[in-house]
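In what follows, a structure is listed as structure tokens, so that the remarks can point back to it.
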Amino acid sequence: MTLTFIFLAVTAIFLIRNYSKDNGRHTVAKIVHAIVLVLIIVIHENSIEQVGYLIQHFPEFKARHLDPVGVVPGELNLITSLLHEILSALILFSALSTVKRTRRSVTLLRALLVISVPVTVIDYYCLYLTSSTDLPDWMVFGRGAIVIAAIYFGIFLLYSARFMREFFRSPEGVSVHHDTSKEQA
């Protein structure tokens, strides 16, 4: 939880610095971008700790995730768990890099979100079934697929929207209203 507040505070500082550079333009895009960043930070904030745990305690992690769960074989459970933790950390850092408002950073974030959906759904399915078996497999899988796909593809579509593409075209570090013709003369 402390890590969440640190990420949120640092992100807020960088957003305020960056957003003040274009003098009130792209207000809706700024609000949407800030909300999406908060959502991604809250969802993925523990991924860094989990990757650290993986590095330090891989044999324990492997033993815990090598068992088959529901319809998922043990090897697939292990692979999706590993990929999920790594992709979560990459999504977090990619989202934080969008503060710079470069097209490359938002393109990377969108690609990671698309790649992460099936991995996250399978990981959710396995984690849910290891902790509770009160629902049928298809319902757990379906619920995870609907919720996770809705969140990730929602973010993907938001960043694909025209107003967000224009927002990420604004040059970083230069005021949009800055007149460079006087400097060239």
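No value in this document is a laboratory result; all are computed from the given coordinates. Source: prediction; values computed, not measured. Methodologically, a virtual Cβ is constructed for each residue, glycine included, from the backbone with ideal geometry; neighbour enumeration extends over all protein chains shown.
Quick notes
- The distance between label points at ALA63 and ASN23 comes to 6.4 nm (points 7 Å beyond Cα on the Cα→Cβ vector).
- Computing Cα extents along the principal axes in Å for the structure here picks out one of (i) 83, 40, 33; (ii) 58, 47, 31; (iii) 70, 33, 25, namely (iii).
- Cα→Cβ-extended label distance, 7 Å offset, between VAL51 and ILE13, nm: 2.1
- Dividing the mean sequence gap of close Cα pairs (under 8 Å, 6+ apart) by how many residues the chain holds gives a relative contact order of 27 percent.
- Gain in span if fully extended, PHE153 to LEU135, counting 0.36 nm per residue against the direct Cα distance: 3.9 nm
- Estimated dipole of the stretch 1-97 in Debye, rounded to 20 [Cβ of Lys and Arg +1, of Asp and Glu -1, Cα centre]: 520
- 22 Å Cα cut-off, lysine pairs counted over the chain (separation 8 or more, or different chains): 4
- Distance (nanometres) between label positions extended 7 Å along Cα→Cβ at LEU3 and VAL42: 1.8
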